1. Step by step: first the residues of segment 108-145, then only those that are exposed (fewer than 13 other Cβ atoms within 10 Å of the Cβ) and hydrophobic (A, V, I, L, M, F, W, C), then the one that is farthest from the chain's Cα centre (by Cα). Which residue is that?
2. Under 6 Å between Cβ atoms, at least 6 apart or on separate chains: pull out the pairs that start in segment 311-322 with a residue that is farther than 16 Å from VAL337 by Cβ and end on any residue that is in a strand (DSSP E or B).
3. I'd like to check which helices (runs of 4 or more DSSP H) are fully inside segment 1-71 and have at least 1 residues that are within 21 Å of ALA143 (Cα to Cα).
4. Tell me which of these THR243 doesn't satisfy, since it passes every other one: (1) under 27 Å from ARG294 (Cα atoms); (2) in contact with a helix residue (DSSP H, G or I) (Cβ under 7 Å, 6 or more places away or on another chain); (3) not charged (D, E, K, R).
5. What's the total number of residues in segment 233-288 that are part of a helix (DSSP H, G or I) and within 28 Å of THR187 (Cα to Cα)?
6. Looking at this structure, is HIS179 modelled with pLDDT under 95 and either within 26 Å of LEU84 (Cβ to Cβ) or over 24 Å from the mean Cα position of the chain (by Cα) (or both)?
7. What tally of residues in segment 242-256 results from selecting those that are surrounded by fewer than 22 Cβ atoms within 10 Å (Cβ to Cβ), within 17 Å of the chain's Cα centre (by Cα) and among the small types (Gly, Ala, Ser)?
8. Just need a number here: residues in segment 304-362 that are surrounded by 15 or more Cβ atoms within 10 Å (Cβ to Cβ), closer than 17 Å to LEU293 by Cα and over 23 Å from the mean Cα position of the chain (by Cα).
Amino acid sequence: MIKHTPLYALHQAAGARLVDFAGWEMPIHYGSQLQEHHYVRQDAGMFDVSHMTIIDVLGTGARDFLRYVLANDVDKLAHRGKALYTCMLNDHGGVIDDLIVYFLDVHFYRIVVNAATRDKDLAWLNKQAADFSVGLQERRDLAIIAVQGPNARSKTLPLLPPHLMDEASTLAPFECAEHDHHLVARTGYTGEDGFEIMLPANKAIKLWENLIHAGVHPCGLGARDTLRLEAGLNLYGEDMDETTTPLESNLSWTIAWQPTDRIFIGRAALELQKHHGVKRKLVGLVLEGKGVLRSHQKVKIDHDGEGITTSGSFSPTLGQGIALARIPVSDATHCQVQIRDQWLPAKIVKPPFVRNGKKMFE
């Protein structure tokens, strides 16, 4: 049965084009995906991401549990309100999911996982939790609104409850403030500044409407995808999955190797992969001529073998075709991509392609 977020009626009333995304009927755009992309890069846009899964991790064993099931280390969260991006791995080092974890209290962490992986994530977490003094609580009573763009914070802050407004105004990136079932985090998935706001579902409609009145533009999942690609941010199921490790997915920085005595799921497999040498890597591609890069296109590198694009699109900010691609480890700076029956030249770059609206490669 198709599911709807608390904001579904507003999307319908706004004339959004709605599509099935991981079992949720979600807006792909409100008329122009291109214009929505530019709203976020140049001003402020907002996304309904209430389909994502919020899980509260509670109990005296919460810290030890998360240090075991996550590749990054929650001990990096030095004070309440800090957040951390990480992967959750299987025993072979493959990525079960990527997520953000928030440190809210000594025995209280919150994680937000992808909608498409909800069932397997919960099954995996509950299986591992059996050995710890910890409880998992899914928070379907909460909605999530992401407000992103250079003017996102200034337009959002006056609309927050007074106590939260004061705290949110001083947040550094990857910090959050939580009060009275509202959580405001300075995080996002677009390469722009902004907030991700978790709040009671029955309060989401009013905030959405107030944000519109403040000049924040509703945006669909189509623009969210082109924005995250320009920012070089991985999409689970495309750029990494259970068959790929963080070491070959441009996510080595999310692995906490220290302290050396911390045991986490997948560590032994990653250490073995490092010992034998990583054979593949995830890179950025920029098409040197006209055309659009898509996922699952063959990539050919002279003398170094072949790879494949994992996700791709036309970049509205750059006016060029861009993609992420998994290729053999090499020093090559150029390659060819098969688009239909042609091999077209592309430059190999290190993501991101765009940061804060600016081109990030030569």
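The values are calculated or read from the model by the stated rules, or taken from the named source; none is laboratory data. Remember, predicted model here, so these are calculated numbers, not experimental data. Cβ: placed from backbone, ideal geometry, glycine included. Neighbour counts: every protein chain shown.
1. ALA130
2. What qualifies is THR317/VAL354.
3. Output list reads 8-13, 33-42.
4. (2)
5. So the count comes out to 8.
6. yes
7. 1
8. Number of matching residues: 9.
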